[in-house]
Every structure is written in structure tokens, then in C-alpha cells.
Amino acid sequence: MTLELQGIGVSRGIAIGKAHILFHNQPDIREYLIPEFSIEQELDRLRDAIEEARQQLKAIRNHIPANAPADVSSFIDTHILMLNDSSLTKVPLEMIQSRRCNAEWALQLQRDALINVFNEMDDPYLRTRRDDVDHVVNRIHRILTDQDTADHEIADGRLKGHIIIAEDLTPADTVLMQHQGIAAFVTEHGGATSHTTILARSLGIPAIVGVESIRRYIQDNEPLIIDGETGVLIAGADETTTREYQQRRADFAAHISSLSRYKSQPTKTQDGKSITLLANAELPDDLSTISNAGAQGIGLYRTEFLYMNRVAPPEEEEQLAAYRDVVEGMNNQPVTIRTFDLGADKTVDGGRKLTQTVVTNPALGLRAIRLCLNQPNMFRTQLRAILRASAYGKIKIMFPMIAALPELLQAQSLLEQCKQELDKEGLAYDRQIETGAMVEIPSSAICAEMFAQHVDFLSIGTNDLIQYTLAVDRIDDTVNYLYDPLHPAVLRLIHMTLEAGKKYDIPVSMCGEMAGDPRYIRLLLAMGLEHFSMHPNALLEVKQVINETNLSSLPDNTLQIMNMATPFEADVLLEQINA
Ligand code: PEP
Ligand code: MG
């Protein structure tokens, strides 16, 4: 029987493969009394489970592919080390003896005690360590209760070619699974501009989110077809449907390769306006895709991926090496490095955001520049590394999520301090290095004129700008229908920012997902946007739209879209603009 499910298509492409279901649910742990004569046996049960967990982790460690980021190993090493710690190995054994309780319960009590200690720590970085405790305890619990471990961590190639079905995935999961060659993923939760889906698009992994209760309908190894554009998932497809999708997959591949003819062409509208196309980079591996797409530089280098799947933040030398690789790999083209935008859905250690909710509204909390300024030492390490890398090529520094001018000034003052330190140490950097601010909060768009006087450039981050303007959590599929780039409030804020750039004669780019969506390109051109930064897979398609556009023949009422009262009216006008 064929089953068709509909979700939100967030990363284009057709995948045909077998399902692999991930369960992250916590096992149900209950207490029961152990008779005196079975205590020794219960102690052995726990010792054996800990040993088994250790062996599992070592096996994972030994099968990490050579091209996986180094951080993946340190992430696993931490878990192995925790299994040697007496707080996990000795204390629960004592509890079994003193309380005569079962091994699962003793472990659970010790887990709760450790988590409480971590929760009370002021240091947000250390607080995230409790996710490690959870992961390790969860693994032992699963062994004790005979359940499968969450094997997205297993880097042994078993997921190759599979379509991953999960409740949700973190960006860190996605990086790990991409190294195992998954064909696609489908999740119950998530939004079109969550960091996980942005990553999927840049890695070219077809993906669907928001398919409610999917894990109830699909079985492990069931053959599936997914269309990452329309959001359709088909299980048990008949031969005709399978052939149809095979054909569509081939057509899609042909379409992508036909775009290569644009690679060497300049980006210019039919009436001669030159446009700059830049790439967004998430991972070091992106460099080859970026150069294949013919980008004129990197408009957004998301450094937070350097901080994921590991315990301690990267040191200055490690960051310097990473930034230097990027800037040298770009052969003198400019690279805009964004200081770390950690927090919200990007946890520092790749921990599961679902298991521990720290604050009620993480997107409104200690994130991005707020975290940078809250952790000045970690921030300065990064600033020093970026500055030092600027001696090897053209680098610009960009501060994320600026809401108020003092944040920007404080960040710039820390940067000045770092420059003075480097001067004293005799270390080279680009003295003309440019700084910019991201406009992704309504306050900064409304006050863009104020910010424009203090920076060399502005960059509009529409993913967050839409989220914060419309109060729609970008990772919450239940309110996804309200996430609208064409909302007049969003368009007016974009327009205000572009006007501020013009008035103070500084470039304004856009690096949110809107800049890489062919549907919005003509509208953005008409609004005056000249610098677009997007995931490299979108670049040639966007170039095609630009090169086929004649600005003088766009409808006279194009900018009236900022006054459209309903999404329907805005869509109708957008269709005329794109006709
Ligand atoms: C944005 O918010 O549009 C943006 C580019 O930043 P990120 O998606 O990393 O939050
Ligand atoms: Mg953002």
C-alpha cells in the first residue's frame, strides 16, 4: 500500500532510499527493590553495561571517517573519559548497595544530582556539559534496558544512502550524518530557516521538516521517496511512481549541471547593472562548492560550526588555521567572517537542544553578540584569530544580532584592544580591516542610519529579521505558516536598511536565505540590493535570474508590494514581477 505524507520541503532534491529511524527518546526508568541475595548480580549488571558503553564508544571512535572534522573524535573521547569517572562508575554502585535499588534507578539518581550541579553553574559553556552527562547516562540506560542506542553518532557508514527519519536533528547531528553519506532526512519538527535546514541546503541534502508523527507511520528499512522541494514523502511507491521520481531526479541533476554555463559569465542585469554574488560558508568543505559556483567572495562565514561537537572552544591557533585556510582558499577574494553566533538552536557542544531547555525563549536570550560580549575571553580569542588571519588575505569582520549601538561599540572596542595586543606582540594583521553589523533585529533596521555611521558595511540577515519582526520562531513548524518574507513590515525594514546604506554610502548586502531564493531576486534588485550572499548551491540559479532581468521593464508598481495588506495580494504582484 502506498502512503503519501506532506511536510515542508526545505532542501531541494529527490531522494530514493530506505528509511532509517532515529529514536532519541529517554528510556522509561522506574525504581524497584532488589532482594539482598541479588545485589551482587545487580552490581555486575551495571558494571557490564558501563563496559559495554565503553566498547560501543571505542568502536564509534575507531570508525570515524578520515575526512570527519577533528572535533567529532574529541566529542566521543569526552564520553569515554566520563565513563572512567567515579561519579558515574562508583557512586551508582554504592547506591545500589545502600538503597537496594535497581541499576537504572541508581544511575538516574546520580544523573539528576550531576545535572543539578551543572544547572547551577554561571558559566554557560560549562552548563552545556550536562548534555554530555545525559548522553552518556542515556547510552548506559539503553544498554540496561536492551534498547538500541541513538546511532546517528555511529560513524561506521551504516547510514549511507539511507533516508533519516527523526523527531528533530541538531546542526551537529547533520554534520555527523553528512559524513556518513545519508541520502536525505525527514523530521517531525523544524522550520525552513532553522540552522539544520540551512546546513542541509548548503550540503545539498534533500530534506523535509514538519511531518507530524512520522515515526509512527514509517518502519525501519521501508523504501521511501522524498521530494525536498514539494515536501512530499511516499512510502511503498509502486513501480510507475518510482520511475517517475527517478526521472525527476535525473531532470533535477540535468538542470543543475545546465547552470554551469553561467559560472564564467559576469553577473549583470540585461540593462547593465553589475551585481555581486557572494557565498555563505558553514564548513571548511564548502570551499570547493563555493569555487565551483564562481562566487565573488564569502559574504557570511558562520564560524559557530567550529565550536560544535566538541567540549572546549577552539583555541586561537586552531581558529587562525581555519580562517587562514578559508581566506587562502579564496585566492584574494573577500571573506566576511561573522563572530560566533552561538546559542538558541546552536549549542556549543553539539548537545541535544531537546533534552535540556535552559531558558524559556532561547532565541531572545543569550545568543550571538550577547554571548560574545558575555564571554569576553572567548570572544577575544576569536577576534585575535580573525585579525591574525587577515594578514593572509582580504577579511572583513561582521558582528551578529546587533540590537543596540552600545553592543556594536563595545565589540569594536574589544577589537581595538586585540589590535593593540597584536601590535605589542609584533603579530601582523590587516590594519584596514573592515567591520560590519548584521541587521537581523527590527531595532537595527529601524536605526540602520545610526549604525551605518559606525561601520564599513551592513548585512541583512533575513532569517532572523523575519523571525523577530513577525514573532515567529524560525524552528517551530507549528507557526511556520506565519513566516513570510513578503510581509510588508519585513519588506519595509529591508528597504529602510538599503536606504540607510545609500545615505551613508556604505554597501548593504543580504545574507539570509531570502537572498538565495530565485522568487525574491527581482524584487530585491528593484529595492536596490546589489550584494547577495547565499548558500553556494543557489548561486548559479540566482545568477540566471539576474542575468535574465531587465530592471527597466519591471512593473511600475513593483515597490507597492510593501503596501500589500495580505499575502495573497503580495503573491499576485510577485508573480507579475517575476513574469
Ligand atoms: C540570518 O539570520 O539571516 C543569518 C544569515 O544568520 P543565521 O541564519 O546564521 O542566524
Ligand atoms: Mg541570524
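Do the alpha carbons of any pairs in 273/502; 18/160; 273/543; 18/58 sit beyond 21 Å of each other, and which pairs? Write out the running numbers ahead of the final one.
Working: 273/502 16 Å; 18/160 10 Å; 273/543 13 Å; 18/58 27 Å.
Violating the 21 Å Cα-Cα cut-off are 18/58.
Shape of segment 235-341 from its Cα gyration tensor (a ≥ b ≥ c, root eigenvalues): rounded if a/c is under 1.5, otherwise prolate when a/b > b/c, or oblate?
Values: a/c = 3.12, a/b = 1.35, b/c = 2.31.
In terms of gyration-tensor shape, oblate.
Placing one identical point scatterer on every Cα of segment 496-571 and ignoring solvent, what is log10 I(q)/I(0) from the Debye formula at q = 0.19, 0.23, 0.24 Å⁻¹?
After summing over all Cα pairs, the log10 values are -0.91, -1.20, -1.24.
Taking the Cα centre of the chain as the origin and placing charges on Cβ (Lys, Arg +1; Asp, Glu -1), which of 143, 523, 101 is farthest toward the positive end of the dipole?
Farthest towards the positive end: 523.
Would you list 424, 18, 502, 263 from the most to the least accessible area, probe 1.4 Å? Before the final figure, lay out the partial values.
Working: 424 180, 18 105, 502 130, 263 85 Å².
Largest to smallest exposure gives the sequence 424, 502, 18, 263.
Peptides 212-218, 558-564, 191-197: what's the order by average Cβ count within 10 Å, highest mean first? Spell out each step's value before the answer.
Details: 212-218: 15.3, 558-564: 16.9, 191-197: 25.3.
In decreasing order of mean packing, 212-218, 558-564, 191-197 become 191-197, 558-564, 212-218.
Compute, for residue 12, the solvent-accessible surface of its heavy atoms (probe 1.4 Å) with the complete set of protein chains present, and express it in square angstrom to the nearest 10.
80
From the residues 295, 362, 466, which one has its Cα farthest along the dipole of segment 263-578 in the positive direction, the dipole being from +1 and -1 charges on Cβ of Lys/Arg and Asp/Glu about the Cα centre?
Looking along the dipole axis, the top candidate is 295.
Taking the Kirkwood radius as the inverse of the mean 1/r across Cα pairs, report the Rg/Rh of segment 263-578. Show your work: numbers first, answer last.
Working: Rg = 19.3 Å, Rh = 20.1 Å.
That ratio is 0.96, to two decimals.
Can you send over the carbon and sulfur percentage of the accessible area for the chain, probe radius 1.4 Å, protein chains only?
On the way: 11890 of 23960 Å².
Using a 1.4 Å probe with all protein chains present, the chain comes out at 50 percent carbon and sulfur.
Based on the Cβ-Cβ distance from residue 566 to residue 478, what FRET efficiency comes out when R0 is 22 Å, to the nearest 0.05? Spell out each step's value before the answer.
On the way: r = 21 Å, r/R0 = 0.97.
Working from the Cβ atoms, E equals 0.55.
If you rank 252, 118 by how much accessible surface each has, with a 1.4 Å probe, what is the order from largest down? Kindly include the intermediate steps, with their values, before the conclusion.
Values: 252 60, 118 40 Å².
Largest accessible area first, the residues go 252, 118.
Principal axis lengths of the chain from Cα atoms, whole Å, largest first?
Its Cα atoms span 88, 71, 43 Å along the three principal axes.
On average, how much accessible surface per residue is there in the chain, in Å², for a 1.4 Å probe, leaving out ligands, DNA and RNA? Mind dumping the intermediate values first?
Details: 23960 Å² over 579 residues.
Heavy-atom accessible area per residue stands at 41 Å².
Just order 485-492, 277-284, 407-414 by mean Cβ neighbour count inside 10 Å, highest at the front, would you? Spell out each step's value before the answer.
Values: 485-492: 19.1, 277-284: 24.5, 407-414: 16.8.
So the order, starting with the most tightly packed, is 277-284, 485-492, 407-414.
The values are calculated or read from the model by the stated rules, or taken from the named source; none is laboratory data. Small disclaimer: the values here were computed from a predicted structure and weren't measured. Backbone-built Cβ (ideal geometry, glycine too); neighbour counts: all protein chains shown. Just the protein is used for accessible areas: all its heavy atoms, side chains included, with ligands, DNA and RNA removed. Shrake-Rupley method; radii C 1.70, N 1.55, O 1.52, S 1.80 Å.
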